[in-house]
Structures are given as C-alpha cells and as structure tokens.
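Shown below is the structure under consideration.
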Amino acid sequence: MLNPDTLLTPEEAVAYLRDAHHVALAVNHLRNLRCQGGGPMFQRDGRWIRYRRCWLDDYARARLSGPMISTREPATPTITTETVPA
C-alpha cells in the first residue's frame, strides 16, 4: 500500500493523478494552478515544490462529479460542503 504522506515532485504528482485517478494534467498546468489557485495543496522544501498523495487524492475526488445517467444533468461535485446557518 502507498503511504499517503509521501512527498512527490510536480512530475511525480502529475503521473500519480494520471495513473491513480485518470486525471490528465500537464506539469505546466499544475504550475499555473499553484500561482492562480484551484489546484491541490502543496508544500515548499526550500525552492522545491512537493505534494502529498493524500492531498492529490482529495483534489482528484473534488474534481469528479457524482454518478450521472445523462450529460444533460448538471454536474454536482462528489464532495459537498455544508453551510452553517447564521
């Protein structure tokens, strides 16, 4: 079994997302997401960027919609956030 806390380079992160979750991203796109936001969480090790497998798993799950029977249905994320009434 793979350790979810293993630190991966951006190249390894892209390969992991592709192989484990069938999420196709280019390394350059992952770099853009780091700058603009919207990508998986990451850490810096000096000037080096590292991703944990568990963060990549969370990112992949958040990108995927729930099961659908038609493309005419609105896509809903599989991870929902509950709002707390004010």
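It is to be established whether one or more residues within region 11-24 are out of contact with any Pro (no Cβ under 7 Å at 6 or more places or on another chain), modelled with pLDDT under 95, aliphatic (A, V, I, L, M) and assigned to a loop (DSSP other than H, G, I, E, B).
Yes, some residue in region 11-24 is out of contact with any Pro (no Cβ under 7 Å at 6 or more places or on another chain), modelled with pLDDT under 95, aliphatic (A, V, I, L, M) and assigned to a loop (DSSP other than H, G, I, E, B).
May I ask you to list pairs of residues, at least six apart or on different chains, whose Cβ atoms are under 6 Å apart, with the first in region 1-29 being acidic (Asp, Glu) and the second being at pLDDT 95 or above and part of a helix (DSSP H, G or I)?
Close Cβ pairs satisfying both conditions: Glu11/Val27.
Filter region 25-60 for residues that are farther than 20 Å from Asp5 by Cα and assigned to a loop (DSSP other than H, G, I, E, B) and give the result.
Leu25, Ala26, Gly37, Gly38
On to the next question. For Pro40, are the conditions met, namely being of a type outside the set (Asp, Glu) and loosely packed, with under 15 Cβ neighbours inside 10 Å?
Taking the combined requirement at face value, the residue does not satisfy it.
Still on this structure, please answer the following. If you go through region 1-17, how many residues are surrounded by fewer than 13 Cβ atoms within 10 Å (Cβ to Cβ) and not acidic (Asp, Glu)?
Summing the residues that are surrounded by fewer than 13 Cβ atoms within 10 Å (Cβ to Cβ) and not acidic (Asp, Glu) in region 1-17 gives 4.
Here's another thing I want to ask about it. Of the residues Asn3, Asn32, Asn28, which single one is modelled with pLDDT of 95 or more, farther than 17 Å from Leu64 by Cα, more than 14 Å from the chain's Cα centre (by Cα) and among the polar types (S, T, N, Q)? Write out each step before concluding.
Working: Asn3 fails: modelled with pLDDT of 95 or more; Asn32 fails: more than 14 Å from the chain's Cα centre (by Cα).
Every option except Asn28 fails the conditions.
The values are calculated or read from the model by the stated rules, or taken from the named source; none is laboratory data. Everything numeric here is computed off the predicted structure, so don't read it as measured data. For neighbour counting, all protein chains shown are included, and Cβ atoms are generated from backbone atoms with ideal geometry for every residue, glycine included.
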